[in-house]
Amino acid sequence: MKIVIGSDHGGFRLKEEIKAFLKKEGHSVTDAGSYDDRPSDYPDFARAIAEKIMTGKAARGVLVCGSGVGACIAANKFPGIRASVCHDTFSAHQGVEDDSMNVICMGARIIGPRLAEEVVAAFVAARFSNAARHRRRLGKIKDIERTYYRDDLL
Ligand code: RB5
(Lines give C-alpha, C1' and ligand atoms only; values in the text may rest on other atoms or scores of the structure.)
Protein backbone atom coordinates (compact mmCIF):
# COMPACT_ATOMS: atom_id res chain seq x y z
CA MET A 1 0.00 0.00 0.00
CA LYS A 2 1.14 3.58 -0.67
CA ILE A 3 1.36 5.27 2.71
CA VAL A 4 2.40 8.81 3.57
CA ILE A 5 3.75 9.41 7.05
CA GLY A 6 4.50 12.62 8.93
CA SER A 7 5.02 14.15 12.34
CA ASP A 8 5.93 17.29 14.18
CA HIS A 9 8.92 17.39 16.54
CA GLY A 10 6.88 15.68 19.28
CA GLY A 11 6.18 12.71 17.04
CA PHE A 12 9.47 12.56 15.14
CA ARG A 13 11.08 9.60 16.88
CA LEU A 14 7.93 7.47 16.83
CA LYS A 15 7.33 8.42 13.20
CA GLU A 16 10.80 7.08 12.34
CA GLU A 17 10.03 3.78 14.10
CA ILE A 18 6.68 3.39 12.35
CA LYS A 19 8.23 4.26 8.99
CA ALA A 20 10.85 1.52 9.39
CA PHE A 21 8.13 -0.95 10.43
CA LEU A 22 5.91 -0.16 7.44
CA LYS A 23 8.85 -0.48 5.03
CA LYS A 24 9.80 -3.83 6.59
CA GLU A 25 6.20 -4.95 6.00
CA GLY A 26 6.62 -4.16 2.29
CA HIS A 27 4.67 -0.90 2.04
CA SER A 28 5.69 2.01 -0.14
CA VAL A 29 6.25 4.82 2.37
CA THR A 30 6.60 8.53 1.60
CA ASP A 31 8.02 10.60 4.45
CA ALA A 32 6.44 14.07 4.52
CA GLY A 33 8.67 15.20 7.42
CA SER A 34 9.57 16.36 9.93
CA TYR A 35 13.12 15.20 9.37
CA ASP A 36 14.46 15.98 12.85
CA ASP A 37 13.16 16.86 16.29
CA ARG A 38 13.58 20.64 16.06
CA PRO A 39 10.36 22.50 16.94
CA SER A 40 7.87 22.44 14.08
CA ASP A 41 4.13 22.93 13.54
CA TYR A 42 1.83 19.91 13.13
CA PRO A 43 -0.56 21.65 10.67
CA ASP A 44 2.29 21.75 8.12
CA PHE A 45 2.59 17.96 8.19
CA ALA A 46 -1.18 17.43 8.28
CA ARG A 47 -1.34 19.52 5.09
CA ALA A 48 1.49 17.58 3.42
CA ILE A 49 -0.19 14.27 4.21
CA ALA A 50 -3.66 15.44 3.19
CA GLU A 51 -2.39 16.73 -0.15
CA LYS A 52 -0.77 13.38 -0.98
CA ILE A 53 -4.02 11.56 -0.24
CA MET A 54 -6.30 14.10 -1.94
CA THR A 55 -4.18 13.87 -5.12
CA GLY A 56 -4.14 10.07 -5.08
CA LYS A 57 -0.40 9.81 -4.43
CA ALA A 58 -1.05 7.85 -1.23
CA ALA A 59 -3.94 5.69 -0.09
CA ARG A 60 -3.50 6.19 3.66
CA GLY A 61 -1.70 8.50 6.05
CA VAL A 62 -0.04 8.14 9.43
CA LEU A 63 0.37 11.33 11.43
CA VAL A 64 2.18 11.58 14.76
CA CYS A 65 2.42 14.48 17.18
CA GLY A 66 2.71 14.64 20.97
CA SER A 67 -0.86 13.56 21.67
CA GLY A 68 -2.24 12.94 18.17
CA VAL A 69 -4.92 15.56 18.85
CA GLY A 70 -3.56 18.66 17.14
CA ALA A 71 -2.53 16.71 14.05
CA CYS A 72 -5.98 15.11 13.87
CA ILE A 73 -7.81 18.43 14.18
CA ALA A 74 -5.71 19.85 11.36
CA ALA A 75 -6.03 16.79 9.10
CA ASN A 76 -9.83 16.78 9.34
CA LYS A 77 -9.97 20.29 7.86
CA PHE A 78 -9.13 18.85 4.42
CA PRO A 79 -12.03 17.63 2.28
CA GLY A 80 -11.91 13.88 1.83
CA ILE A 81 -9.67 13.35 4.84
CA ARG A 82 -11.17 11.19 7.57
CA ALA A 83 -8.67 11.21 10.42
CA SER A 84 -8.88 9.89 13.95
CA VAL A 85 -6.67 9.46 16.97
CA CYS A 86 -6.26 5.72 17.62
CA HIS A 87 -4.14 4.12 20.28
CA ASP A 88 -5.84 0.72 20.16
CA THR A 89 -6.19 -1.91 17.46
CA PHE A 90 -10.00 -2.09 17.59
CA SER A 91 -10.46 1.59 16.72
CA ALA A 92 -7.71 1.32 14.11
CA HIS A 93 -9.47 -1.38 12.07
CA GLN A 94 -13.08 -0.47 12.82
CA GLY A 95 -12.40 3.14 11.88
CA VAL A 96 -11.51 1.94 8.39
CA GLU A 97 -14.20 -0.75 8.10
CA ASP A 98 -17.11 1.45 9.20
CA ASP A 99 -15.93 5.05 8.72
CA SER A 100 -13.42 4.76 5.88
CA MET A 101 -10.77 6.46 8.02
CA ASN A 102 -7.82 7.26 5.77
CA VAL A 103 -5.47 8.97 8.25
CA ILE A 104 -4.51 7.55 11.63
CA CYS A 105 -3.14 9.96 14.23
CA MET A 106 -1.10 8.91 17.23
CA GLY A 107 0.54 10.59 20.18
CA ALA A 108 4.18 9.78 20.82
CA ARG A 109 3.70 10.92 24.42
CA ILE A 110 0.88 8.38 24.81
CA ILE A 111 1.87 5.20 23.04
CA GLY A 112 5.11 3.20 22.77
CA PRO A 113 6.60 1.99 19.50
CA ARG A 114 5.65 -1.70 19.71
CA LEU A 115 1.97 -1.02 20.39
CA ALA A 116 2.01 1.73 17.76
CA GLU A 117 3.23 -0.84 15.22
CA GLU A 118 0.34 -3.18 16.06
CA VAL A 119 -2.15 -0.31 15.81
CA VAL A 120 -0.75 0.80 12.44
CA ALA A 121 -0.73 -2.81 11.20
CA ALA A 122 -4.45 -3.11 12.06
CA PHE A 123 -5.11 0.19 10.26
CA VAL A 124 -3.35 -0.74 7.01
CA ALA A 125 -4.79 -4.28 6.91
CA ALA A 126 -8.39 -3.03 7.25
CA ARG A 127 -10.69 -2.27 4.32
CA PHE A 128 -13.92 -0.27 4.18
CA SER A 129 -16.89 -2.67 4.47
CA ASN A 130 -18.89 -0.82 1.81
CA ALA A 131 -22.06 -1.61 3.78
CA ALA A 132 -25.03 0.53 2.76
CA ARG A 133 -25.44 2.12 6.20
CA HIS A 134 -21.80 3.15 6.27
CA ARG A 135 -21.96 4.52 2.71
CA ARG A 136 -25.04 6.52 3.76
CA ARG A 137 -23.20 8.03 6.72
CA LEU A 138 -20.15 8.87 4.61
CA GLY A 139 -22.50 10.53 2.14
CA LYS A 140 -23.75 12.75 4.94
CA ILE A 141 -20.18 13.72 5.81
CA LYS A 142 -19.57 14.59 2.15
CA ASP A 143 -22.72 16.74 2.24
CA ILE A 144 -21.30 18.63 5.22
CA GLU A 145 -18.05 19.21 3.31
CA ARG A 146 -19.90 20.42 0.22
CA THR A 147 -22.08 22.77 2.26
CA TYR A 148 -19.55 24.31 4.60
CA TYR A 149 -16.09 24.04 2.99
CA ARG A 150 -16.56 27.12 0.83
CA ASP A 151 -14.01 29.87 0.39
CA ASP A 152 -16.63 32.59 0.92
CA LEU A 153 -17.44 31.19 4.37
CA LEU A 154 -13.84 31.16 5.59
C1 RB5 B 1 3.78 20.10 20.52
O2 RB5 B 1 4.40 20.41 21.73
C3 RB5 B 1 2.46 19.43 20.81
O4 RB5 B 1 1.52 20.42 21.14
C5 RB5 B 1 2.02 18.65 19.61
O6 RB5 B 1 2.96 17.70 19.29
C7 RB5 B 1 0.71 17.89 19.76
O8 RB5 B 1 0.71 17.14 20.93
C9 RB5 B 1 -0.52 18.66 19.64
O10 RB5 B 1 -1.63 18.09 19.73
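The values are calculated or read from the model by the stated rules, or taken from the named source; none is laboratory data. Because the structure is a prediction, the values reported are computed rather than measured. Here the Cβ is made from the backbone with ideal geometry for all residues, glycine too, and neighbour counts use every protein chain on show. For accessibility, only protein heavy atoms count, side chains too; no ligands or nucleic acids. Shrake-Rupley method; radii C 1.70, N 1.55, O 1.52, S 1.80 Å.
How much net charge surrounds Val69 when only the other residues with a Cβ under 15 Å from the Cβ of Val69 are counted, with Lys and Arg +1 and Asp and Glu -1?
0
Pull the list of the chain cysteines that no other Cys approaches to under 4.7 Å, Cβ to Cβ.
When partners are defined as cysteine Cβ atoms under 4.7 Å apart, the chain leaves Cys65, Cys86 without one.
Answer rounded, prolate or oblate for segment 1-99, using the Cα gyration tensor with square roots of eigenvalues a ≥ b ≥ c: rounded when a/c is under 1.5, else prolate when a/b is larger than b/c, else oblate.
Rounded shape, in that the Cα axes give a/c under 1.5.
Below 8 Å between Cα atoms, with a sequence gap of 6+, how large is the relative contact order for segment 9-154 in percent?
For segment 9-154, the relative contact order is 23 percent.
From the square roots a ≥ b ≥ c of the eigenvalues of the alpha-carbon gyration tensor of segment 26-154, which class results: rounded (a/c under 1.5), prolate (a/b over b/c), or oblate? Mind showing how you got there, number by number?
On the way: a/c = 1.79, a/b = 1.17, b/c = 1.53.
In terms of gyration-tensor shape, oblate.
Got a number for carbon plus sulfur as a percent of segment 1-117's accessible area, 1.4 Å probe?
C and S fraction of accessible area: 51 percent.
Give the peptides 122-129, 90-97 in descending order of average Cβ contacts within 10 Å, highest first.
The densest-packed peptide leads the list: 90-97, 122-129.
Under 1.5 on a/c is rounded, so check that first for segment 1-58, then, if it is not, pick prolate when a/b is larger than b/c and oblate when it is not; a ≥ b ≥ c are the square roots of the alpha carbon gyration tensor eigenvalues.
oblate
Determine the per residue accessible area of the chain with all protein chains present and a 1.4 angstrom probe, expressed in square angstrom.
53
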